[in-house]
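Working notes for the structure below.
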Amino acid sequence: MEYPKPNMHDRCNGFMGGARQFMTGAGLPVFLLTVTLLYEAFLLAVLFAPDGTGPWNRFAVEFKVWCFDYNPATGGIEWMAVWVMFLEPIFVTGIVLAIWRKGLGKLLRPQGWIEYWRALSAGTVTAVAVLVGMVSIGLPAEGDETVFPFPGERIRTQIKPPHFELTDHMGNPARLADLRGRVVLITGVYAHCTASCPMILLETRDLVDSLPQSALDHLIILAISLDPKGDSAEIMGQVANAYNFTYPEFRYLNGDADTMRSLLRSFNFSPTFNERTQQIDHANLFILVDIDGHIAYRFNLDPRHSSWIREAVMQLTREARQREGLRLSALEETHSF
């Protein structure tokens, strides 16, 4: 006995019926709930993955650095960013569940989930495909030290830095306004730091050693204390000497606690005492101020930024030499009359 084959009209009706059931029943909530649960599980796995050299560990560190402002050296993390990323999909899914609540009654019984196995499977496949794609794209290769070309003017800013008047480690006043016409590299450290501060100082030392004298003649380095109470002038001087920095090309600055707290917040160093590590968590920043007194570039301790910092310093000090050359030419022309 032969059964009639379904025609195109019947197939369309079947498809439309399935789509209608998906949209009006519990299909869509099941799909979104499945995707959300797998996504949240993925975020938890990333968040609590230990630092290491394995593929997953490297991806997790890279993900946390870019999305949560994670500092591998200190363990510091921007928890507000974590909560936002966790709660956004839950909020959206909650709205959908509230709108489709009438169709969710079936899900209170195991048979209801079986009935919507297609939506459950589709959600699982979709979430897994997206997450695997994220890991594949974002996984840094082991030992990968790829350095992208310095973007230069494309990322340059003209932000006005906060005014400050502090005291350096030699007891002399230090004002950013007095350095107009010089390129100023600003960073933040504190003497008793055992995590990222030594790395910042070594990075700065390596930068100085790599620059030609023509650039060094137009560069001033200011290290702002992240621990105003703990960094005495004597201790700051010891730090400067330990890394072979010369004065006044390198100046370690400090001030009263209230002034420093406001200044560090303005520069976005955001120092916070970590009870667990007994260290001060902070942003690892290198801020470059150009000869006109504007913040031109901001970099961090990412190894990929090392060459960028040097190229930015070379660019800005070249501008300083050109400005100085024009000024000298103008003076010579004036005296020639």
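The values are calculated or read from the model by the stated rules, or taken from the named source; none is laboratory data. Keep in mind that this is a model prediction, so the values were computed, not measured. Positions of Cβ are backbone-derived with ideal geometry, glycine not excepted, and every protein chain shown enters the neighbour counts.
Tabulated data for the structure shown
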item	result
Out of F59, F86, sole residue that is of a type outside the set (V, I, T), at pLDDT 80 or above and surrounded by 18 or more Cβ atoms within 10 Å (Cβ to Cβ)	F59
Tabulated pairs, segment 237-252, first among the β-branched types (V, I, T), second part of a loop (DSSP other than H, G, I, E, B), C-beta under 6 angstrom, 6+ apart or interchain	V239/A191
Cβ-Cβ under 8 Å pairs, at least 6 apart or on other chains, segment 110-135 side modelled with pLDDT under 85, far side among the charged types (D, E, K, R)	G112/K106; E115/K106; Y116/K106
Filter result (touching a Pro at 6+ places or on another chain (Cβ under 8 Å) and not in a strand (DSSP E or B)) within segment 243-258	G255, D256, A257
Of all residues making up segment 259-282, the number that are more than 10 Å from L226 (Cβ to Cβ) and assigned to a loop (DSSP other than H, G, I, E, B)	6
